[in-house]
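Visitor: The structure under discussion is supplied below as structure tokens; questions concerning it will follow.
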Amino acid sequence: MSIELLTHDWLAYKEAERQAVEGRRVVEDKIAAFYKINPQNEGTQNFDVNGYKIKIVNRMTRKVDSEKLQEVAAENGLSDHLSALFRWKPEINAAAWKGCDSDITDVLSAAITTTAGRPSFSIDPLTTKE
């Protein structure tokens with residue numbers, strides 16, 4: 001199998017995937033409208049229809065400004081509650097990590113598990129300059 005054929009196949013499957021996702025979302029929107037699902041109401045609703053169980057889960061996305069949270073908690077005497085109400089998830093600052101002395105990163109690496117992720121692909125047609 002040639003790379004040209006693989007490239008062609010990848011593009012075809014990627015487009016089919018895009019169309020499938022778009023179509024599925026249209027159907028999901030129609031189902032939500034049928035059941036009058038309010039996206040502002042967080043929670044799960046179940047429906048039984050002709051031998052199928054339809055489960056619709058509304059989730060709210062919450063982002064926390066950790067600096068502001070700590071500031072507000074400190075100002076209001078609530079700092080002791082933070083560890084119970086919030087999870088603190090350290091993330092690597094990749095640029096700083098790469099620029100840091102290896103004496104430091106070698107020691108801290110003991111607390112970090114690194115696993116390979118699935119590679120992401122992008123194949124776009126080349127544009128020709130005229």
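Visitor: Could you look through segment 86-105, keep only residues that are of a type outside the set (Val, Ile, Thr) and surrounded by 10 or more Cβ atoms within 10 Å (Cβ to Cβ), and pick out the one that is farthest from residue 67 (Cα to Cα)?
Guide: Here the answer is 100.
Visitor: Output the residues belonging to segment 107-127 that are more than 30 Å from residue 14 (Cβ to Cβ) and either exposed (fewer than 10 other Cβ atoms within 10 Å of the Cβ) or in contact with a helix residue (DSSP H, G or I) (Cβ under 7 Å, 6 or more places away or on another chain) (or both).
Guide: Within segment 107-127, 107, 110, 111, 113 meet the criteria.
Visitor: Next question, about the same structure. Could you run through segment 45-77 and say how many residues are at negative phi and not in a helix (DSSP H, G or I)?
Guide: Adding up the residues that qualify gives 20.
Visitor: If I ask for residues that are modelled with pLDDT of 90 or more and either basic (Lys, Arg) or surrounded by 10 or more Cβ atoms within 10 Å (Cβ to Cβ) (or both), which ones from segment 60-81 would you list?
Guide: Answer for segment 60-81, where residues must be modelled with pLDDT of 90 or more and either basic (Lys, Arg) or surrounded by 10 or more Cβ atoms within 10 Å (Cβ to Cβ) (or both): 68, 69, 70, 71, 72, 73, 74, 78, 79, 81.
Visitor: Sticking with this structure for a sec: Among 97, 88, which is at pLDDT 90 or above, out of contact with any Asp or Glu (no Cβ under 8 Å at 6 or more places or on another chain), over 30 Å from residue 12 (Cβ atoms) and among the aromatic types (Phe, Trp, Tyr)?
Guide: Going through 97, 88 in turn, just one is at pLDDT 90 or above, out of contact with any Asp or Glu (no Cβ under 8 Å at 6 or more places or on another chain), over 30 Å from residue 12 (Cβ atoms) and among the aromatic types (Phe, Trp, Tyr): 97.
The values are calculated or read from the model by the stated rules, or taken from the named source; none is laboratory data. In this text, all values refer to a predicted model and were calculated from it rather than measured experimentally. Cβ coordinates were reconstructed from backbone atoms using ideal geometry, including for glycine residues, and neighbour counts include every protein chain displayed.
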